[in-house]
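Some notes on the structure that comes next.
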Amino acid sequence: MSNNIEGKVVVITGASSGLGEATARLLSEEGATVVLGARRANRIQSLADELTRSGGKALAVATDVTHCDQVKRLVDAAVQKYGRIDVMINNAGLMPHSPLERLKIDDWNQTIDVNIKGVLYGIAAALPYMKQQKAGHIINVSSVAGHKVRPGSAVYAATKHAVRALSEGLRQEVKPYNIRTTVISPGAVATELPNSVTEPDVAENIRKFYEEFAISSDSFARAVAFAMSQPEEVDVNEILFRPTRQEL
Ligand SMILES: NC(=O)c1ccc[n+]([C@@H]2O[C@H](COP(=O)([O-])OP(=O)(O)OC[C@H]3O[C@@H](n4cnc5c(N)ncnc54)[C@H](OP(=O)(O)O)[C@@H]3O)[C@@H](O)[C@H]2O)c1
């Protein structure tokens, strides 16, 4: 029986580490063709090489998601090489938590540019193809912070609330085109994300929290596979998951 993953062309932003990398590995194992975008070209190229050596199909395209033209180039490369795009996973993100009073305005701008505009650019790049195909699946990555706000997380939480709002608007608008939309909101998952915190005291606290609570990035990859593998008429719109021990 088809897993509804095999043979699909899946573009993943932020595929050089963490959730994106784990998802590329799992979907490749399940028979998907994966097109990997991130700024660290060496990392995505060696992942693509590794997946290809294991019998998969993978392409790496250096991409900074804060540039609309680069995200378009990533998606265009997928369509040029493989003929279509079935799934767009807007996953690239960063989490430079800090209290607002510290006025980390560069961090705020970067967080908004990557976490919100990057997702919009992914939608802009994939939607014209999916409309034409009358098929497709857009998966956006929010967070528990898209549901809850805590001191120090205001800007990050605002971006992740925005991802949920965008995803819900998208869901309603793409009905005529047979496009599925999923927003996935993870709790603490062990990745390189805490490295994006620029304030040393905040970074220390987050590292301790992640050391104690974070679960493996396979948890996220399995959530993606679950949403993808449903029959085409089933649209899994939201998944929220946490480590079993995480209270917040
Ligand atoms: N880990 C968690 O606990 C957790 C929980 C909830 C939500 N999330 C969300 O999950 C997503 C993935 O994060 P992660 O946990 O896997 O962290 P990660 O290991 O730090 O991965 C982040 C990815 O985003 C990419 N990225 C950052 N800025 C980029 C840019 N300007 N252009 C292109 N790619 C960029 C990074 O690649 P390059 O640096 O190579 O560009 C990297 O591949 C993020 O949206 C994050 O907010 C994570």
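Below are the figures for this structure:
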| item | result |
| --- | --- |
| Tabulated pairs, the stretch 1-27, first in contact (Cβ under 8 Å) with a residue 60 or more places away in the chain and of a type in the set (K, R), second part of a loop (DSSP other than H, G, I, E, B) and crowded, with 19+ Cβ neighbours inside 10 Å, C-beta under 7 angstrom, 6+ apart or interchain | K8/A32; K8/D86 |
| Any hit, the stretch 228-248, residues being in contact (Cβ under 8 Å) with a residue 24 or more places away in the chain and touching a Leu at 6+ places or on another chain (Cβ under 6 Å) | no |
| Subset of the stretch 1-22 (residues that are closer than 12 Å to I89 by Cβ, within 15 Å of the ligand (Cβ to nearest atom) and assigned to a loop (DSSP other than H, G, I, E, B)) | G14, A15 |
| Among residues of the stretch 97-133, those that are within 17 Å of L193 (Cα to Cα), surrounded by 20 or more Cβ atoms within 10 Å (Cβ to Cβ) and more than 10 Å from the ligand (Cβ to nearest atom), counted | 3 |
| Residue match in the stretch 192-202 (condition: hydrophobic (A, V, I, L, M, F, W, C) and near the ligand (Cβ under 9 Å from one of its atoms)) | yes |
| Residue in the stretch 29-49 that is touching a residue at least 40 places away in the same chain (Cβ under 8 Å) and surrounded by fewer than 22 Cβ atoms within 10 Å (Cβ to Cβ) present | yes |
| Filter result for the condition that a residue is among the hydrophobic types (A, V, I, L, M, F, W, C), within 14 Å of the chain's Cα centre (by Cα) and under 26 Å from V9 (Cα atoms), over V183, V174, V236 | V183 |
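Read the figures in this text as sums done on the coordinates, not as results from a lab. Please read these numbers as outputs of a predicted model, since none were measured by experiment. Heads up, the Cβs are rebuilt from the backbone with ideal geometry, glycines too, and the neighbour counts pull from every protein chain shown.
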